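A.B. asks: Would you mind keeping the following structure in view while I ask a few things?
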Amino acid sequence: QAWVELAKHWQGKRLLVSAGPTQEAMDPVRFLGNRSSGKMGFAIAETARKLGAVVTLVAGPVALSAHPEIRRVDVVSAQEMLAAVTEQVKQQDVFISAAAVADFRPETAHDRKLKKQAGQDDMTLRLVKNPDIVATVAQQYPDVFVVGFAAETDDVLAHAREKRARKGLDMICANRVGDGLGFETDDNQLTLMTEAQERALTPSSKSQQAFELLAFIAETSF
Ligand code: CTP
Ligand code: CA
C-alpha cells in the first residue's frame with residue numbers, strides 16, 4: 001500500500017545515484033581506497049527503479065550487480081566519477097551522492113610499478129585533494145534536488161548539519177558508522193536532514209532505509 005502510494009510520486013522521475021568507493025592509483029598495481037561496499041547506493045537505485053523512476057547509477061569498483069533497466073556507468077577514480085556525474089546530471093530531477101569518494105589521491109600515478117630501493121625503510125606518498133563532486137553539482141545545478149551522505153563515527157548529527165550547509169545540499173543523510181552499522185553491513189540507521197526538518201529513521205535494512213529516504217525526498221521536493 002505504501003509502495004503504491006509512493007510509486008505515484010516517483011513514476012517517471014529521473015534519479016542519478018553515485019555508489020561505492022573510488023580507487024586512486026599510485027601505480028598500475030596499487031591504489032588508495034576505502035571500505036565502501038556500495039550496498040546503500042545500489043539499494044537506493046533498485047528501490048527507485050521498483051517505484052518507477054528512471055535510474056542512472058554511477059558506480060565505483062564494487063562487487064554488485066544492478067537490474068538491467070538501471071543505466072550503469074562504471075568508474076574507478078574520483079576524477080572519473082566527477083566526469084561521469086557531470087555528464088549524467090543534466091535533466092535529472094534528483095542526485096543522491098552515496099559514493100564514498102576518496103578525499104585525496106596520490107599526486108602522481110606512476111606508469112610503472114614502483115620498486116623498493118635497496119635498504120629503503122620508509123616511503124612518503126604525497127597526496128592532493130580530489131574535487132568535491134556533490135558540492136560541485138549543488139552549485140552548478142540549482143534545479144536538481146541534491147542529497148548527500150555523511151558517514152560519521154562521532155557527533156554524527158552536528159557534523160552532518162554543518163556538511164549540508166557548507167556544501168549547499170538540499171538534504172543530507174547522517175549515517176552512524178561503527179558498532180555493526182554502516183560500512184560493509186546490511187543494516188543502517190540514517191537521520192534525514194533538510195534545512196527545515198530532521199527525521200531519525202529506525203535502524204533497518206539498507207533497502208528499508210532507501211524506501212524511507214525516497215519517501216522523504218518525495219514529501220519535501222515533489
Ligand atoms: N563527497 C563528494 N566528493 C568528495 C567527497 C565527498 O561528492 N570529494 C560527497 C559524498 O558522496 C557524500 C558527502 O560528500 O555525499 C559527504 O562525504 P564525507 O566524506 O562525509 O564528507 P567530506 O566533505 O569529505 O568530509 P570529511 O570526510 O572530512 O568528514
Ligand atoms: Ca570524505
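A.B. asks: Among the candidates Val134, Val73, Val101, Val128, single out the residue that is more than 16 Å from ligand 2 (Cβ to nearest atom) and touching a residue at least 12 places away in the same chain (Cβ under 8 Å).
C.D. replies: Val73
A.B. asks: Restricting attention to the stretch 76-98, report how many residues are open to solvent by 50 Å² or more (accessible area, probe 1.4 Å) and away from ligand 2 (no atom under 16 Å from the Cβ).
C.D. replies: 7
A.B. asks: Now for a separate question. Hey, does the stretch 68-89 have a residue that's at pLDDT below 95 and either more than 16 Å from ligand 1 (Cβ to nearest atom) or closer than 28 Å to Gly168 by Cα (or both)?
C.D. replies: So in the stretch 68-89, the residues at pLDDT below 95 come out as none.
No: zero hits.
A.B. asks: Also, quick follow-up: Residue check, Ile44 against (1) open to solvent by 10 Å² or more (accessible area, probe 1.4 Å); (2) within 22 Å of Ala2 (Cβ to Cβ); (3) touching a helix residue (DSSP H, G or I) at 6+ places or on another chain (Cβ under 6 Å), all met but one. Which one?
C.D. replies: (1)
A.B. asks: With respect to Ala218, is the statement that it is in a helix (DSSP H, G or I), open to solvent by less than 20 Å² (accessible area, probe 1.4 Å), under 22 Å from Val62 (Cα atoms) and modelled with pLDDT of 95 or more true? Working first, answer last.
C.D. replies: On the way: in a helix (DSSP H, G or I): yes; open to solvent by less than 20 Å² (accessible area, probe 1.4 Å): yes; under 22 Å from Val62 (Cα atoms): no; modelled with pLDDT of 95 or more: yes.
Spelling it out, it is not the case that Ala218 is in a helix (DSSP H, G or I), open to solvent by less than 20 Å² (accessible area, probe 1.4 Å), under 22 Å from Val62 (Cα atoms) and modelled with pLDDT of 95 or more.
A.B. asks: Regarding Ala151, is this residue within 12 Å of ligand 2 (Cβ to nearest atom), out of contact with any His (no Cβ under 8 Å at 6 or more places or on another chain), part of a loop (DSSP other than H, G, I, E, B) and not β-branched (Val, Ile, Thr)?
C.D. replies: Judged against the criteria, Ala151 is not a match.
A.B. asks: Can you tell me which of Leu32, Leu16 is open to solvent by 30 Å² or more (accessible area, probe 1.4 Å) and not basic (Lys, Arg)?
C.D. replies: Criteria check complete, one pass: Leu32.
A.B. asks: Given the criteria at pLDDT 95 or above and open to solvent by less than 40 Å² (accessible area, probe 1.4 Å), does Asn130 qualify?
C.D. replies: Against the criterion (at pLDDT 95 or above and open to solvent by less than 40 Å² (accessible area, probe 1.4 Å)), Asn130 qualifies.
A.B. asks: Which condition number does Lys115 fail, the rest of (1) more than 16 Å from ligand 2 (Cβ to nearest atom); (2) open to solvent by 100 Å² or more (accessible area, probe 1.4 Å); (3) under 26 Å from Gln209 (Cα atoms) being met?
C.D. replies: Of the numbered conditions (1) more than 16 Å from ligand 2 (Cβ to nearest atom); (2) open to solvent by 100 Å² or more (accessible area, probe 1.4 Å); (3) under 26 Å from Gln209 (Cα atoms), the odd one out for Lys115 is (3).
A.B. asks: List the number of the failed condition for Val54; all other conditions in (1) in contact (Cβ under 8 Å) with a residue 40 or more places away in the chain; (2) surrounded by fewer than 15 Cβ atoms within 10 Å (Cβ to Cβ) hold.
C.D. replies: (2)
The values are calculated or read from the model by the stated rules, or taken from the named source; none is laboratory data. Since we're looking at a predicted model, the values are computed, not measured. Cβ coordinates were reconstructed from backbone atoms using ideal geometry, including for glycine residues, and neighbour counts include every protein chain displayed. What goes into the accessible areas is simple: the full protein's heavy atoms, side chains included, and nothing from ligands, DNA or RNA. Shrake-Rupley method; radii C 1.70, N 1.55, O 1.52, S 1.80 Å.
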